[in-house]
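Please treat every number below as a calculation from the coordinates, not as lab data. Note that the coordinates shown come from a computational prediction; the quantities given were computed from them, not determined experimentally. Quick reminder, even Gly has a Cβ in these numbers, built from the backbone with ideal geometry, and neighbours come from all protein chains shown.
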Amino acid sequence: MDNRLIIGMDGGGTKTRVVVKEQPDGETLFDQNFGTSNYNNIGIEGLRPIFQEIYKALISCFAERLNDAILVLGSAGIDRPKDIEIYLSALRESGFTCHLEVVNDAEIALVGGNGSRKDALIIAGTGSIVMGIDSKGKTIRSGGWGGLISDEGGGFKIGLHAIAAVMQEHDKVIAPTTFTKKLLAHFQLTTPEDFVDLLYLDKTIPVDQVASCAPIILEAWANGDEAARTIVETELEKLVRLVVGISKQMGSEKFRLSVAGSLLIKSSDYFNALKEKLSTALPQVEVSVPLYDPVIGAIIIGEQYK
């Protein structure tokens, strides 16, 4: 039996989970969280310190065994060859000399969610994306092109539309919402006009900050608020269209669709509403909770390189 170590890394927006096993179904030898390793959040220069910290923790546990390990990192924003090379360089410069594989975090979530590299996955957290495996084994995607032009049904889009609704209420364009005061309190603002400072006065759009208010809007939607209903139902329909798009690319209307992301994992209302809408649009699609965590998906991917 090959006892080479497989290191799975799930590089999320707030933390990087690192798990080490010898086989996907074997004993967990290491399981620890570190800081974020998403260079869209911390910059390229921020990658090396976090990977050095991870390397030191692993080398102290496994010593020379680390040199012959297989490491699979899944992180958001890995869409192009140059993104892969950025991460590979940072890992090598941090001390890793073992076999390295870098993929999009949606790919490790897909493999973990379905137990192997097959079927499809939908993520709805801060942003959104649908990924699948076509009949030729190729990874395909629908959506996930960032908050300005895509990320339908994610927290950022829901939050952005909610802030717009607050401004429309302020301008007497729509009826008062039940979430206006909650949003102002959430962002520690005094008046709706203060949203201008939040959204426009910095050099970057506060995507994570805007997305953080999504649970407030989901709660208002569940309680029957009309503005929240319009926002959430519209975004759900857009998510359905992404799944329809992946179905066309796969050439199949029958597959398992694993879910991931905070909106679908933590909100049963959002999950059930998506499932209901998909039952009409694609009745043969099996919408399912994930079989394993994304980090285990990274380890399953790593197994093929033994």
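Brief remarks on what is shown
- Pairwise centroid distance, computed over Cα atoms, of the stretch 272-291 with the stretch 66-83, Å: 31
- Crossing angle, helix 105-114 versus the chain [Cα axis fit, 0-90 degrees, rounded to tens]: 80
- Of the peptides 252-259, 4-11, the order by per-residue mean of other Cβ atoms within 10 Å, starting with the highest, comes out as 4-11, 252-259.
- Fraction of the pair-distance distribution of the chain above 23 Å, Cα-Cα pairs, percent: 58
- From phi via Karplus (6.51, -1.76, 1.60), per-residue ³J(HN,Hα) for the stretch 20-34 in Hz, x at Gly/Pro: 10, 9, 9, 9, x, 9, x, 5, 7, 8, 7, 8, 8, 9, 10
- Degrees, to the nearest 10: 294-303 long Cα axis against longest axis of the chain: 30
- Relative contact order, percent, the stretch 155-288 [alpha-carbon distance under 8 Å, six or more residues apart]: 26
- Applying a threshold of 18 Å to the alpha-carbon distances of Lys138/Lys275; Lys82/Lys118; Lys254/Lys275 flags Lys138/Lys275; Lys82/Lys118 as lying beyond it.
- Gyration tensor verdict on the stretch 129-231 (Cα atoms; rounded if a/c is under 1.5, prolate if a/b is larger than b/c, oblate otherwise): prolate
- A cut-off of 5 Å between modelled amide H atoms, ignoring neighbours fewer than 5 places along the same chain, links Ile6 with Lys21, Glu22, Ile70.
- Restricting attention to the chain, close to 50% of DSSP beta bridges with both partner residues there are antiparallel.
- All other residues whose Cβ lies under 12 angstrom from that of Pro24 are scored, Lys and Arg at +1 and Asp and Glu at -1, for a net of -3.
- Computed over the stretch 155-288, Kirkwood Rh from alpha-carbon pairs, angstrom: 16.1
- C-alpha long axis of helix 155-170 to longest principal axis of the chain, angle in °: 20
- Each Lys or Arg adds one and each Asp or Glu subtracts one; over the other residues with Cβ under 10 Å from the Cβ of Lys157, this totals -2.
- Of interest is the spacing of the C-alpha centroids, which for the stretch 149-195 and the stretch 9-42 amounts to 34 Å.
- Exceedance of the 20 Å cut-off in Cα-Cα distance is limited, within the set Lys15/Lys306; Lys238/Lys277; Lys248/Lys277; Lys21/Lys56; Lys15/Lys182; Lys15/Lys56, to Lys15/Lys306; Lys15/Lys182.
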